[in-house]
Amino acid sequence: MAKPNVRVIVGGVLAPVGLLLLGVAAALAVSFAGLAKSAERAEGTVVDLVYRSGTACPVVTYVSPSDGREYTFGASTGSWPPEYAVGERVTVVYDPDRPGKAHIDSWANRYLGPVICGGLGVVFTGIGGGLLIWERRRAEQARWLRTRGRERWVDVDHIGQDYSVHVNGRNPFVVHASWWDERTGRTHTASSEHLWSHPGPELMQRPVRVLFDPADPDRNMVDL
C-alpha cells in the first residue's frame, strides 16, 4: 500500500521554511540598516562575562553622549573562547531614543543573523523546491506514459529497498523488472514507485505491467 509521496512531503516542508528564513533574513537586514541610519555610537567597557550554553556573553557599560547617563547591557550572543575580555574597550551602537537598547558594533552583530538565516533559507528553499520540481516532472512523466506509452508485460527481476529514503526507520520497497528489446537488441530496466509494504512473494510469480516511451524505452515505469 502506497503512502503519501515522501519527496512531496519533505519538499512541501522545506520550501516554506526556506522562504520563511529568507523573509527573516530580509527583515533583520532592514532592521539593522534602519538602526544604522539613526544610531549613535559611544565608547563602552566590558565589565563582566556571563556564561550561557557554553559561551561567554559580554556585559558592557557605556555613557550616552545624548543624556550623559550610564547604561549597562548584556550581549544576547556569545562565543567560546570569549571574544572579549573584562576591561576591554568596545564601540557601542545604541538607539538615541532608547539609549538602553544597544549592542556592540561588530561584524557578527550586524551581519551574522541575516547571513545565517539567509544561508539556511537558500539551502532549504533550494532543496525543497528541487524536490517539488523533480516530483512534478516525475508525475508528469507517469501521466504521459499512462496515456501515450506502450505497454509490455515483463517478469520481475527482484524486489529491493531504497535505502536513500528513510521514514520512521523504514525504507520503501521498489519493484525492478527488465526486458530485451528485439528492435534495438538492448536490455531495458524499469522500476516502480516507492511501496511502503512488501508486495508479496507472489508478485515474483507473475509478469508486471511496464509502460515505456517507444521513442526512448529507458523512459519507463513499472505500473502496479
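Only the coordinates and a few stated rules stand behind these numbers; no lab work does. On a predicted model such as this, the values are computed, not experimentally measured, just so you know. Using ideal geometry, Cβ is built from the backbone for each residue, glycine included, and neighbour counts are taken over all protein chains shown.
Only the Cβ atoms of Lys and Arg (+1) and of Asp and Glu (-1) were treated as charged; on that basis the dipole of the chain about its Cα centre amounts to roughly 680 debye. Please state the shape class of the chain: rounded when a/c is under 1.5, otherwise prolate if a/b exceeds b/c and oblate if not, all from the C-alpha gyration tensor. Here the chain falls in the prolate category. In the chain, the DSSP beta bridges split such that about 100 percent are antiparallel, to the nearest 5.
List the relative contact order of segment 6-115 as a percent without decimals, with contacts defined as Cα pairs under 8 Å and 6+ residues apart. Let's see the in-between values first.
On the way: 162 pairs, mean separation 29.0, N = 110.
The normalised contact order for segment 6-115 reaches 26 percent.
By how many degrees, 0 to 90 and rounded to 10, does the Cα axis of helix 6-38 deviate from the longest principal axis of the chain? So the inclination is approximately 20 degrees. Calculation over all alpha carbon pairs of segment 60-125 in 10 angstrom steps from 0 returns a P(r) of 17, 42, 27, 11, 2 percent. Other residues within the sphere of radius under 15 Å centred on the Cβ of V175, judged by their own Cβ, net out at -3 (K and R +1, D and E -1). The per residue volume of the convex hull around the alpha-carbon atoms of segment 149-224 is 89 Å³.
Here the spin labels are modelled as points 7 Å beyond Cα on the Cα-Cβ line, and at I133 and A85 they lie 5.2 nm apart. Whole Å is fine, so just give me how far the alpha carbon centre of segment 59-100 lies from that of segment 174-219. If we compute the Cα centre of each part, the gap is 68 Å. Ellipsoid semi-axes for segment 1-115, based on the Cα gyration tensor and the rule √(5λ), read 38, 19, 10 Å when sorted largest first.
Extending 7 Å from Cα along the Cβ direction at D97 and again at R186 yields two label points whose distance is 6.9 nm. Across the chain, the mean sequence separation of Cα contacts (distance under 8 Å, 6 or more residues apart), normalised by length, yields a relative contact order of 20 percent.
Exposure proxy for L131, L195, L20: other Cβ atoms within 10 Å of each Cβ, ordered fewest to most, give L20, L195, L131.
For the chain, what does the helix formula give at 222 nm: sum of -39500 (n - 2.57) over DSSP H segments with n ≥ 4, over the residue count, nearest 500 deg cm²/dmol? Each step should come with its number before you reach the end.
On the way: 2 runs with 69 residues, N = 224.
Helix contribution divided over all residues of the chain: -11500 deg cm²/dmol.
Were the residues from H158 through Q141 laid out at 0.36 nm apart, the gain over their Cα-Cα distance would be 3.8 nm.
3J(HN,Hα) along segment 149-155, derived from phi through the Karplus expression 6.51 cos²θ - 1.76 cosθ + 1.60 where θ = phi - 60°, amounts to x, 8, 9, 8, 9, 10, 6 Hz, with x in place of Gly and Pro.
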